[in-house]
Amino acid sequence: VRFVVNPITCEGHGMCAELLPEVIRLDDWGYPIVDPRAVPIGLLDMARKVELACPTLAIRLVDD
Ligand code: SF4
C-alpha cells in the first residue's frame with residue numbers, strides 16, 4: 001500500500017509528517033509530500049495511525 005493525499009481537503013496541519021517522517025515530509029508551505037513507493041511493512045501500523053490521525057481524513061492508504 002502507498003499513501004495518497006487529497007490536496008483539496010488537506011489543511012496542512014503537518015500531523016502526518018510528524019507521525020511518519022520516514023515516508024512523509026512537508027513542503028515549504030507545510031503540505032505533505034508522500035513517498036510514492038509502497039510503505040515498508042515495518043511502518044504499516046504507524047501508517048494506519050496516520051490515516052486516522054489526519055483531522056480532515058485527507059491522507060489515505062491505497063492498495064495498488
Ligand atoms: S495531517 Fe492531514 S491535513 Fe494535516 S498535513 Fe497531513 S494530510 Fe494534510
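Values as computed for the structure displayed
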quantity: Verdict on residue 64 being at pLDDT 95 or above, exposed (fewer than 13 other Cβ atoms within 10 Å of the Cβ) and either over 14 Å from residue 5 (Cα atoms) or touching a Ser or Thr at 6+ places or on another chain (Cβ under 7 Å) (or both); calculated: no
quantity: Odd one out for residue 13 among (1) more than 14 Å from residue 3 (Cα to Cα); (2) at pLDDT 95 or above; (3) surrounded by 14 or more Cβ atoms within 10 Å (Cβ to Cβ); calculated: (2)
quantity: Candidate set from the stretch 37-61 (those that are within 13 Å of the ligand (Cβ to nearest atom) and of a type in the set (Gly, Ala, Ser)); member that is surrounded by the fewest Cβ atoms within 10 Å (Cβ to Cβ); calculated: 53
quantity: Residue in the stretch 8-17 that is more than 10 Å from the ligand (Cβ to nearest atom), in contact with a Lys or Arg (Cβ under 6 Å, 6 or more places away or on another chain) and in a loop (DSSP other than H, G, I, E, B) present; calculated: no
quantity: Inter-residue pairs, beta-carbon under 6 Å, first more than 19 Å from residue 10 (Cα to Cα) and in the stretch 32-58, second away from the ligand (no atom under 15 Å from the Cβ), 6+ apart; calculated: 39/1
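The values are calculated or read from the model by the stated rules, or taken from the named source; none is laboratory data. From a predicted model like this one, the values you see are computed outputs, not experimental measurements. Neighbour counts are summed over all protein chains in view; Cβ atoms, including those assigned to glycine, are modelled from backbone coordinates with ideal geometry.
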